[in-house]
Every structure is written in structure tokens, then in C-alpha cells.
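A quick write-up on the structure given underneath.
Nothing in this text is a laboratory measurement; each read-out follows from the coordinates by a stated rule. The model shown is predicted, which means the values in this text are computed figures rather than measured ones.
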Amino acid sequence: MKFGEVTPVPVDPELLAILVCPACRNPLVERVVGEGIEWPAAEGLSCTACRRFYPVRDGIPVLLVEEARVLP
């Protein structure tokens with residue numbers, strides 16, 4: 001794998017159906033965020049309401065508000 005390359009690790013659809021954003025309680029969707037100046041490329045779950053992006057590490061969603069990034 002090259003630097004900045006993301007290997008998709010899909011979240012189980014049944015799990016995704018029940019997950020909500022811990023900050024605002026809205027549904028989450030799978031999303032890949034491209035590499036930018038402030039952070040590397042990453043796959044995770046995104047809240048369309050508050051625009052927080054939660055990373056997925058080793059197939060496990062990290063749903064901690066402290067670990068989330070607010071997307072522009």
C-alpha cells in the first residue's frame with residue numbers, strides 16, 4: 001500500500017443501520033475522505049447533519065466525539 005492510499009474496510013450493513021452520531025444522534029453513512037493538508041486519506045463514517053467524520057480502524061468504527069473531525 002502506498003502512502004495516503006486507503007484500503008476499504010466496509011462496515012456490516014446491519015451495524016451501520018443502527019449506528020448514530022454520538023454528538024447529534026443522526027444516522028451515519030460510509031465515506032472515504034481524500035487526503036488533504038490537515039490529515040491523510042481515511043475511511044470512516046460521516047454524519048450529514050453535523051458533518052463529523054468518525055474513523056474506522058481495523059473494521060471497527062471509532063465513535064468518540066474526541067476522535068471525530070468536522071468536515072468542511
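Taking 0.36 nm per residue of separation and subtracting the Cα-Cα distance, full extension of the segment from residue 62 to residue 50 would add 2.7 nm.
Can you check how the C-alpha radius of gyration of region 13-70 compares to 2.2 N^0.38 Å, as a plain ratio? Walk me through the numbers before you get to the answer.
Details: Rg = 10.7 Å, N = 58, 2.2 N^0.38 = 10.3 Å.
Output field value: 1.04.
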